[in-house]
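Taking it in order: structure first as structure tokens, then the write-up.
Since every read-out is calculated from the coordinates, none of them should be taken as a lab result. Everything quoted here is computed from the prediction, not taken from an experiment. Please note: Cβ atoms are built from the backbone with ideal geometry, for glycine as well, and neighbour counts cover all protein chains shown.
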Amino acid sequence: MKIRRFGIPFDWLTLLQNGPLELDPVFGARDGSLGHKFYRKAGKRVLDLTLVLLSAPVTLVLLLPLALLVATDRSNPFFSQIRLGRGGRHFRMWKLRSMVPNAEELLQAHLAACPEAREEWERDQKLKQDPRITRLGHFLRRSSLDELPQFWNVFLGDMSVVGPRPMLETQRALYPGIDYFELRPGITGLWQIEARNQSSFADRARFDTGYNTGLSLKTDLRIMLATVFVVCSGTGH
């Protein structure tokens, strides 16, 4: 599996193969050392803010021309959507627009006309062949450049650089467990680097359990490094 290649601890592999473990209700962290507790409570937030500030010049240089490109095709280059955050709190997540304006209507029509697509959507909450995505949107998603505005969400404290994939309110009933709600959603995470296009919604829940269990500075740095390789390979979806 890719997780082994990217250096993620072996016990996460066992977790993903055998299903969720019974976790302590308070974060479920195996490592109770002072360093890990500090990173969970404060260090991770400090790292997030540091990365946002250091990357701000590059983010703006990339974001402004991309927004202009999207605006030439669509009226508003930015897309926002209410997502679930830590503790079940709602927040507005920002992205560069990669879909047509009538995306929801087009999705429902496509699912009604194609039973295979409906089955895929109900299982994974996404489509490999999504008719809503524009030509420019495909490029933005493959390169993950559509997620650049989420650095603003990280700055506000709604998200983290590394964490679970942001979840919709309508997906809450599909999610087993509590690990997602104990973490800030992330721009990247295990779901991004392992089976990026193939993971089901149930897999995402297991990724969240594994990440919450092994949360540490070393883990976050490894995931960030692995994300660079995944993004450069152009496997976004």
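For Ser160, what residues show an amide H to amide H distance below 5 Å, using hydrogens built from the backbone and excluding near sequence neighbours?
When sequence neighbours closer than 5 places are left aside, the close amide H contacts are Gly186, Ile187.
Students often check this: by mean Cβ neighbours within 10 Å, which of 148-159, 104-115, 216-227 ranks highest, and how do the rest follow?
148-159, 216-227, 104-115
Can you work out ³J(HN,Hα) from phi for every residue in segment 39-46, in order, using Karplus 6.51 cos²θ - 1.76 cosθ + 1.60 and θ = phi - 60°, giving whole Hz and x for Gly and Pro?
In residue order, the calculated couplings are 5, 5, 7, 9, x, 5, 5, 4 Hz.
Mind listing the phi-derived Karplus ³J(HN,Hα) values for segment 58-67, rounded to whole Hz, using 6.51, -1.76 and 1.60 with θ = phi - 60°, and x for any glycine or proline?
So the Karplus estimates, Gly and Pro as x, are 5, 4, 5, 4, 7, 5, 4, x, 5, 4 Hz.
Based on a Kirkwood Rh over C-alpha pairs, give the Stokes-Einstein translational diffusion coefficient of segment 108-204 at 10 °C and viscosity 1.306 mPa s in µm²/s.
This corresponds to a translational diffusion coefficient of 107 µm²/s.
Provide the convex hull volume over Cα atoms per residue for segment 147-225, in Å³.
Per residue, the Cα convex hull of segment 147-225 comes to 98 Å³.
Have a look at segment 65-127 and give its Rg and Dmax from the Cα atoms, expressed in angstrom.
Spelled out, the Cα radius of gyration and Dmax of segment 65-127 are 14.7, 39 Å.
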